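All of the numbers you see were taken from the coordinates with simple rules; none came from a lab. Just so it is clear, the structure is predicted and the values come from calculations on it, not from any experiment. Here the Cβ positions follow ideal geometry from the backbone for every residue, glycine too, while neighbour counts run over all protein chains shown.
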Amino acid sequence: MNSRIAKNCLFVWQDIWQDMITVLSENKLAKLQRQIAKNKEGSKNWDKQRIKIARLYEKISNIRNDFQHKLSSKIINENQVIISEDLNVRGIIKNPNLAKRISDV
């Protein structure tokens, strides 16, 4: 098997894994947000729910950052030359499918 194809398959697999973990966390986040909406604002249970949501936001952010660091380290260790591209980030953020990923960076 061509090594270039193998690397591309690995990147695709890692991307799918990261998306799957993020989607599961975002589904859990939606559930917690529905639960907090049922509580009276300022109550003890509302505060507990708010803390759970904050922890989950941090977990999602850490998952994305961890994936980005692992992937960038892998790319750096496997390649001798790295070329960067100047992107129109504001234009990309307008795309709702890419906004979450780009805004984390």
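Per residue of region 62-72, what does 6.51 cos²θ - 1.76 cosθ + 1.60 with θ = phi - 60° give for ³J(HN,Hα)? Whole Hz please, x for Gly and Pro, Karplus curve as stated.
5, 4, 5, 5, 4, 4, 5, 5, 5, 5, 5
Of all GluC sites (Glu not before Pro) in region 21-98, which ones are in loop regions per DSSP and have a Cβ with at most 15 other Cβ atoms within 10 Å?
Filter output for region 21-98: Glu41, Glu85.
Pop out the ³J(HN,Hα) list for region 37-46 in order, Karplus 6.51 cos²θ - 1.76 cosθ + 1.60 with θ = phi - 60°, rounded to Hz; leave Gly and Pro as x.
Rounded to whole hertz, the list is 5, 7, 8, 6, 4, x, 6, 4, 5, 5.
Checking the cross-link filter: which lysines have an alpha carbon closer than 22 Å to that of Lys74, excluding same-chain neighbours under 8 positions apart?
Counting by Cα, and skipping residues close in sequence, Lys74 has these lysines nearby: Lys7.
May I ask you to compute the full-extension gain from Ala99 to Ser43, defined as 0.36 nm times their residue separation minus their alpha-carbon distance, rounded to one decimal in nm? Mind dumping the intermediate values first?
Details: separation 56, 0.36 × 56 = 20.16 nm, distance 3.35 nm.
Extending this stretch completely gives an extra 16.8 nm.
I want to check the label-to-label distance for Ile76 and Arg50. Put each point 7 Å from Cα in the C-beta direction and report it in nm to one decimal.
Taking the simple label geometry, Ile76 and Arg50 are separated by 3.9 nm.
Considering every Cα-Cα pair within region 24-87, what fraction, in whole percent, is farther apart than 16 Å? Could you put the intermediate results ahead of the total?
On the way: 1219 of 2016 pairs.
Of the Cα pairs, 60 percent sit more than 16 Å apart.
Would you please name the trypsin sites (Lys or Arg not before Pro) within region 26-105 that are DSSP coil residues with at most 15 other C-beta atoms within 10 Å of their C-beta?
On the way: sites: Lys28, Lys31, Arg34, Lys38, Lys40, Lys44, Lys48, Arg50, Lys52, Arg55, Lys59, Arg64, Lys70, Lys74, Arg90, Lys94, Lys100, Arg101; in loops: Lys40, Lys94.
Those satisfying the criteria are Lys40, Lys94.
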